[in-house]
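Each value in this text was obtained by applying a stated rule to the coordinates, not by laboratory testing. Keep in mind that what you see is a predicted model, and the values were worked out from it rather than measured. Neighbour counts run over all protein chains shown; Cβ positions are idealised from the backbone, glycine included.
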Amino acid sequence: MTTDHLAPHVTARRTFLAESSVALLIRDIRAAGHPAPDIVIDVMDPDPQFRLGKVAVEGTHIQSVDAQGVLAEAADGVQTYLAYPGWTVWPTCPAHGLGVHPSSTAAGVAEWVCSAGHVVRPICPDLS
Ligand SMILES: [Zn+2]
């Protein structure tokens with residue numbers, strides 16, 4: 001397959017996974033008692049710089065094509081949005097009250113990691 005043939009498939013998959021991930025993240029944000037943020041997902045056609053097209057969640061470029069990888073990247077974009085002045089730190093570590101950041105394990109599972117250096121929980125335990 002050439003890049004031209006591959007691009008629409010990659011873009012469609014990244015868009016689907018980004019939308020699914022953002023929906024899961026918003027569910028968690030609401031469950032934590034915050035109002036649902038208005039997250040923007042940009043989908044751009046291929047160009048000379050991004051020959052497979054480009055999908056971005058609040059400016060964070062989605063580069064993975066697997067569900068957990070996209071979830072970690074989308075979580076980063078959602079956190080960036082939430083961190084704008086006047087907004088909130090989400091999520092926080094229940095043990096330390098510190099902010100957490102998305103990370104992926106060697107096995108490819110997206111997790112929230114506390115700023116103190118330990119894993120808090122999988123970002124979405126029920127996502128396979
Ligand atoms: Zn902690």
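Quick check on my filter: what residues within the range 15-56 are within 11 Å of the chain's Cα centre (by Cα) and not β-branched (V, I, T)?
L17, A18, E19, S20, S21, A23, L24, L25, A56
So G59 passes all but one of these: (1) surrounded by 13 or more Cβ atoms within 10 Å (Cβ to Cβ); (2) under 16 Å from the mean Cα position of the chain (by Cα). Which condition number does it fail?
Every condition holds for G59 apart from (1).
Of the residues A116, A83, A110, A106, which single one is touching a helix residue (DSSP H, G or I) at 6+ places or on another chain (Cβ under 8 Å) and either free of Cβ contacts under 8 Å to residues at least 24 places away in the same chain or of a type in the set (G, A, S) (or both)?
Testing whether each residue is touching a helix residue (DSSP H, G or I) at 6+ places or on another chain (Cβ under 8 Å) and either free of Cβ contacts under 8 Å to residues at least 24 places away in the same chain or of a type in the set (G, A, S) (or both) leaves just A110.
Kindly state which strands (runs of 3 or more DSSP E) lie completely within the range 16-128 and contain at least 3 residues that are farther than 30 Å from T2 by Cβ and within 16 Å of the ligand (Cβ to nearest atom).
Per the criteria, 100-104, 110-114, 119-122.
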